Structure formats: structure tokens, C-alpha cells
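Since every read-out is calculated from the coordinates, none of them should be taken as a lab result. None of the values given here were measured: they were computed from a predicted structure. Ideal geometry is used to build each Cβ from the backbone, glycine not excepted, and the neighbour counts take in all protein chains shown.
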């Protein structure tokens, strides 16, 4: 019954998409506002269908309905409730349901936001594109990735999700956050295509989708950071990023998305880079699909390797169609898109943003090339090659350092042009802070060009951001006679995008610092201890207290309790563990981490206590990892600030001809305040 | 901005994307693991080993010169190993009186006690040795388990297979090593 | 010229510091550092993307032990790498060798970034050369109207 409900919901969904697209196309052709309003309603049908289908699946999971193959493979009676619920996204078919649910949500939000403009062709075309994308995913669920497939013989109990997916509550957050990010980029894509089709490539579509882009980017950032946290706290190898193909797949749209967020500002201000921005948003959407393809088609070995399904060719075909449509539209409209804007000076924020875009797209190219290169080598030369961390580190580090530099300089650069003197005056103090950072790093023992330069540039960037805040607050204090706290709040509320962005940059600085320090020595040692024995690693005294075991319906766990003390001060007892689950033969290790401000002590069990009670524990001392999570949090906070509605009054721009014919679209004239 | 028309850039991008898509498409149907798991050691002399067997004796490859030796890396917890068990048992029965063929199991990625207990309880009654330090597993270039290597009478590795085998496949490999086919 | 002094000073400090940081620390690399470096270049065979240095699987530890032993026997880095490529194939190296098609993965990004940077420079030059747009009187009147609306 649940399967039937689910399938019906999916059929309703795909029908809603088709009907919606048809109605809207007719409405556009006939200039019929009523049809356009009607077509818009189908978005809500689609959302409703997605909700029902997802609900049916969750119902089946929670009711342990093993007649459904998906529930039999991803649920079991003994699985804790939380992980039964998260079983929705434990494997491919359910993940697509989640994707559809989120896409339905975004489409409904867009439909609601633009309800007063439902008669506008650009909104109609955007909705058509959105419904077309949703139709594809519905077709996937009705074809190769059917979540409601019914088994002919019903097993008594299910297999349960992969043990790695049920030993940490993070499972509830990491995939949904990532999907909220991926799917969110559909919105600017929809409007970009709509702008190309209607020929209205002024800045309207950007303004319309600005918030959606920022929201999507924010979620994707948090999703990636949570993935790194998962890698660190759950997988137990001691690191947070392995340049695994699936990790890279999530990073690619983030890189182009970040470039897009910056170059969009240039287009808003100066009307430039229209073709580039449209291409970037199409590329970002394509990368989200490519990422799904790389992750789910089984084409690349990965630690995330899910079971191979036949979904590969479908995704690749869809990707081909999207790319062809996108490139075709840009080629068709291309030369009429070119705006007469220009960059006046190399010393300008526009130029810095252009450099930013070059570097981010360069990074995206490097990551993409490295990830698919084994496939290319196999296809062209039948050679098996691997591309791993040494390659990615070597190639991305210089680009990352350059980005840090531009992040430091850009806030001090005004739009259009600045004289060298003014720039020098603005940057001298932050630059010296950077120099101090360099010296302090070397004094503290950091060695190697990249880490030291990274620390210096990060300090430079941080000081430049602080300076920006300080200058703004001081100006407000002087002109409005406000006290600093109030001036700060008012200033941020007057221009939330700028200051939110600067807060995000602070988060990036923190992350860069951690990346720089991680490459310098962390300590790794394996110690063999019997009960009561102690060992000292890197200043920490570790005493093995003993082993304990626990058993639940779902797993049996053996943990080794270790007391950590530092300089005589007791830091507590930590217990790395190994758990065995019924459906996995080998034990799943769980690390135990003592998180400190400066460094973490990271314990894993290498071998369980043997007959003589001797246990082998791997001890890693990892520097600065806490600041990675703090940095991620700061980036999320900055995104929230940037989303605060409002902005400087009087910043309205007298755009001469935004939505009129391209010929009349001149350079927007900015009304200075 | 004059200069290269957008159309040309778009065409260039389209060509690159098309090539890329074609490369991906050709690889969609291949299994990446199959290629990666082809052994490099086929045709080379087998690494010598001298390991402690479960029954207390030593297992030495040198003592088995002139025979066809089937070396099977396995452990007690891997599921394909269990799938292969029946085939190995049948193979062992088939060649129990055949002095020219030896079946040797080597434990990979498992504790000796667990594997030994498993072998006993599941009546794996051919020679099985443990591999302290996993050095022999590395010498054979193993990537996982079960992996089977067929060593010919001259001491050269004739065939290597990653994954579970059936009796028919085992027999075919042994026949090949003895030069029959 | 005086305005440049603080910057020159900063440059000197920076270069000196970076040189200190980059100075190869005394003599040959220790054996354990060499072993770690080699292990970081080899892919763990049971895992997907981890290096032998990072992984805790049985075979990774066996390979680390083997590397350490080979270093003790005086084998060079090149020999050890060659041995493992012989055992496991090229795919065990996490950094593709620069021969044949492997070279592309190193060269292409440099080419692409170079082309991108070059394109930017050309575009900037072209922009400097085209005449500025001047606001017409109509434009100024429009701006004045908007200003009044906002006031």
C-alpha cells in the first residue's frame, strides 16, 4: 500500500511537471496571463507529490515494511529510530526522493516569491526550466532508481543501513545540508536560462535570485564542513579531507559557486561580465549533476562507493542535454549580451574580483582534472593511474595562497579606481600584521614555505578585514555620534552584504590557517599498552585503564578506556572503540578525540586487547583542528548576516534600460550617496 | 568588447565538453575495480614464503617445487571468501590424491586465532598458514581477499584472480598451469 | 621615495623569514622522514583514496614496515617506488608519473591558468585603450531626478 502510494505520488509529480511546462509554454506563446497563473500552480502539485512520496518512504521505513526492497536494504528492526529516519538518504533511490523534496521546496518558494510577477515571461521560463529538471528526477525514480520496488518474497528483517551510516548523529545533517546546497543552485540556473531565452539579460535575474544563490552557497559550505567533520570524527583515519572523488564532487560546484557570488557583484555594479556570469551559473548547475554522476554511477572508486546502478547513462545524458542547451543559448544570444562596461584600472575591486574568478575557476579545473584523470588515462591509453592528495595539495596550494592575498587586498580597493598612494596607506598596517604573522610562525617552529606564507597572508587578510570594520565604525561614530557597539550594528545593518561577506572571509582565514598548520607536523604514534600502563606522546600522558564492552540489539562494542593528562592536569577519559554490526563482518572503528584549543589528541584502536590484555592504540596529535569547525561556523554566520534584508537607503540604481531590448541597455548609471 | 566572438568561444567550449562527455560515456560501462585488480605478477617467479601453518608445521613454497601450487588469500569475515568456501572444499576433495597439485591458504587481514577457529569449525581441511606482519600478502601484491594465485611447476605465477572462484574456474587455471590447454 | 620605505622594509623581513622557513633543516632527511614521505606517495591498496601513511589497514602497515626495511637496506627512493609499481601497477602512485599521458595532469592546469591570466591581461589592456563613456546631460538630469526622489 505504501509502495502504491509512493508510485502514485511520483506519477502525479511527473504529470504535474509535464502539465505545468505545457501550460506555461502555451501561456507564453499566447501571452495569456491566466494560463501563466495556472501553470504556476503545478509547482505546488509537484511539491505535494514529492512530500507524499517522501512521506510514504519514511512511513515504510518506520513501519519496517520489508516488502519494499529499499527498506529491506536500508532498514532493520534493530536500527535505532534516528537512523531509520535517516535511512531515507542512506542510498541512491531514497536520496533522489530527498532531492525531489528539496527541489519541490525551492520551486514552491520561488513561485510564491514571484506570484505577483507570474505573468512575466522570465518567471514563466524559469519555472519551466525548474519543472523540467524536476521531471528528470521523477523519471529517474520511475525508471532506474525506483525506491518503491516491491520484493516478491518479503524477508523477515532488513539488512539495515551501512554501519558507517548509523554510528553518528551527523548522518542526520550532512547529506540534507549538501542537498540543500546542490539543489539550491538550480534556482539561479533557472533564471539564467530564462534570461537567455527571453533576451532580458540585464541585472534583473541576478537581483531576483541573489538570496537563493547565497542560501544555496551557505548550505553547501556547511554541508562540506560537516562532511569534513564526519571524516574526522567518524571514519577514524585521523584526517578531515582525503581528496576522495566524492569529496571533490561536492567541492566543484562550491568553487564555481563562490566565483559566481563574487562576479555577480561586479555585474550588479558595473553591468559587466554578463556572458561570464551566465556561463558560470550554467557550469555550477552542470557540476552539481556531474557530481551526482561521479558519486552514483560507480565510475570512480571511492570511499563513498555506493552500489553500482544503471543510473550512470541517464545522468550523463541529462548532463549532456543541459550543457548543450546552455552552450547553445549562450552561443545564440552571445554577442548581444556583451555590455559596454569596462574596467578602469587594475587597482580596483572589479579587477580583484576578476582575479578571484580566475583563481576559483582555476581551482575548479584542477580539482575536476585530477578527479576524472584516471578515467581519461584509462579511456585514451588504457593505463591505470591514480591521482591523490600529493597532486591536489601541490596544485591547489599556490592558488589558495594567491586567493588569500586577494582576499586581503580587495576590501581596501574601492570600485573603479584608486591611486597607489591611497592603497598603500590603507594596506600598510595590515601588511605589517601579516609580516608579524610570518615572523611569529617561524619563531613558533613552523617550517616550509607554504605553511609560513599561508600564515602570513592569513594574518594580513584578517587585519585588513578588521581595518575595514574599524574604519566603518569610526566614520559612523564621527558622523552620527554613536557609541561603537551601536555604530557597529547600524553599520552592518546598513550594508549587510558587505559586512556579512567580510565575516565569511574571517571564517575562510581561519580555515586557511588550519590547512596551513595541518601540513606541518602532527604527531603519529602507535602504542602497545597493558592495563595500567602509561606512555607519553607529545607532552600528553596516556594511561590505559582497561577495556569494556557493551552490547545492544544492533551492535556489540569493545572500547579501550584511556586517561589523558597534560602537565599534571587530568584531561579526562577517552574511549576509542570497535563495534561489530550483524550485517558487516569487519569491525567498525570509532575514534575518540580530545578536542583542545591548540591541538587534538586523537585515539583509535589498532588491535583489540589480546589474550594478555595488551591493546594497540594509535595516537595522533593534530594541531588546530577545532578552528576548522569554528571557521565553518563563522562562514555560516557571515552568510546569515549577508542575508539580512535591507541595505543602504538611496543605493537604488537608476538603471536606464534593464528589461528593454538589448540595444537600449546602456551602462547602468549609479546614484551615489 | 570586441575580440573573439562569443560564438567561437562557445563552440570551443562545446567541443571540450563533448570530448569529456564521450570519455565519460566510454567508461560508464566498465568496472573500475576489474582493471585495477589485474595482478602485475603473472609471468613472474612467485615470491618465496616460509610461514607457520595452523597445524604447527611450516609451509614453504620451496618444498613444493615441481608441483602446481594454488595459493588462496582469505580470512574469516569477508563475504566473498565464504562464497568461495564450497568451491575450495570441492577442489580439495577432487585433488586430494593428486600429488602434483597443492592447495595452500594464507590468512590476510585477520587475527590468527579467529581465522584458526573459523577454519576448524568450518572444516577447511587443507594447509592454511598465517602471515605474521602481512609481509607475504605484500610480496604477492594482494589488494584484498579472496585472491588466488596459481603457481606453475617451474615456480612462475601462471594466473592470478581477484574475487571468489568456482571449481570449474580453478580447474581451468590448474590445467593451464600444467600446460594442457 | 620615502613612502616606499616601510614596504621595502616589510619585503626584507618577509623574504628573510620565508628563507629561514624554507631552509632545508640540516643534512639528509632522517630515515623515518623518508619512510613517511614515501608512504604518503603510495595509495593504500584496500582503501580508495587514502595514502599508505594515513591508512591503518593491515596491508598499509605491512607496506610501511616493508618500506622501513628497504630504507635500512640502503635502497633509494626511486628503487622503492619502482618496486611497488612493479608489484601493484602504476595506480599505486598517488602522484602520476610525468611520463606519457601522466604529464597532462601537471601541464594542463598551468596552461589553462596561463591562458586565463593572459586573457585577462589582454582584456585589461583593451579596456584601458577604449575611450571612456561620458555621461550626457540627459543622464545627469535623470540622476538629479532620482536624487530628489530619495531625499
What Kirkwood hydrodynamic radius do you get for segment A:447-528 when you take the inverse of the mean 1/r over all pairs of distinct Cα atoms, in Å?
14.9
Write down, largest first, the equivalent ellipsoid semi-axes of chain C in whole Å, where each equals the square root of 5 times an eigenvalue of the alpha-carbon gyration tensor.
56, 25, 18
Among DSSP beta bridges lying fully in chain B, give the percent that are antiparallel, nearest 5.
60
Nearest 10, in degrees from 0 to 90: the angle of helix C:77-88 to the longest Cα principal axis of chain C is 80
Quick one: give the max-minus-min coordinate of the C-alpha atoms of segment B:38-177 along each principal axis, largest first, in Å.
34, 30, 29
Within a Gaussian network of chain C (alpha carbon springs, distance under 10 Å), most fluctuating of C:108, C:42, C:94:
C:108
For helix B:112-121, report the angle its Cα long axis makes with the longest principal axis of the Cα atoms of chain B; keep it between 0 and 90° and round to the nearest 10°.
70
Could you check the spin-label model distance between residue C:7 and residue A:44? Points 7 Å from the Cα along Cα→Cβ, value in nm.
6.1
Report the convex hull volume per residue for the protein assembly as shown, counting only C-alpha atoms, in Å³.
198
In a Gaussian network model of chain C with springs linking alpha carbons closer than 10 Å, the residue among C:22, C:33, C:123 that fluctuates most is C:22
Please average, across the residues of B:132-141, the number of beta carbons from any other chain that are within 10 Å of each residue's own beta carbon, and give a whole number.
5
For peptide C:57-70, the mean count of other chain Cβ atoms within 10 Å per residue Cβ is 4
Apply 1/(1 + (r/R0)^6) to the Cβ-Cβ distance of residue B:167 and residue A:63, taking R0 = 51 Å, and write down the FRET efficiency to the nearest 0.05.
0.70
Can you give the angle from 0 to 90° between the axis of helix B:6-28 and the longest principal axis of chain B, with both taken from C-alpha atoms, to the nearest 10?
20
In the protein assembly as shown the DSSP beta bridges are antiparallel at a rate, in percent to nearest 5, of 85
When only C-alpha pairs under 8 Å and at least 6 residues apart count, what is the relative contact order of segment A:366-410, in percent?
34
Estimated 222 nm signal from helices in chain A, with DSSP H stretches of n ≥ 4 weighted -39500 (n - 2.57), rounded to 500
-21000 deg cm²/dmol
Once the Cβ-Cβ distance between residue A:31 and residue B:19 is put in as r, and R0 is 51 Å, what FRET efficiency do you end up with, to the nearest 0.05?
0.75
Please arrange A:639, B:57, A:284 by how many other C-beta atoms lie within 10 Å of their C-beta, fewest to most.
B:57, A:639, A:284
Put in order of increasing Cβ neighbours within 10 Å, starting from the fewest, A:17, B:78 give B:78, A:17
Within 10 Å of each Cβ in C:103-112, how many Cβ atoms from other chains are there, averaged over the peptide?
4
Note on segment A:294-440: contact order normalised by length, alpha-carbon pairs under 8 Å, 6 or more apart, percent, works out to 24
Got a sec? How would C:75, A:350, A:599 order by Cβ neighbour count within 10 Å, fewest to most?
C:75, A:599, A:350
Counting only C-alpha contacts under 8 Å and six or more residues apart, can you give the relative contact order of chain A as a whole percent?
11
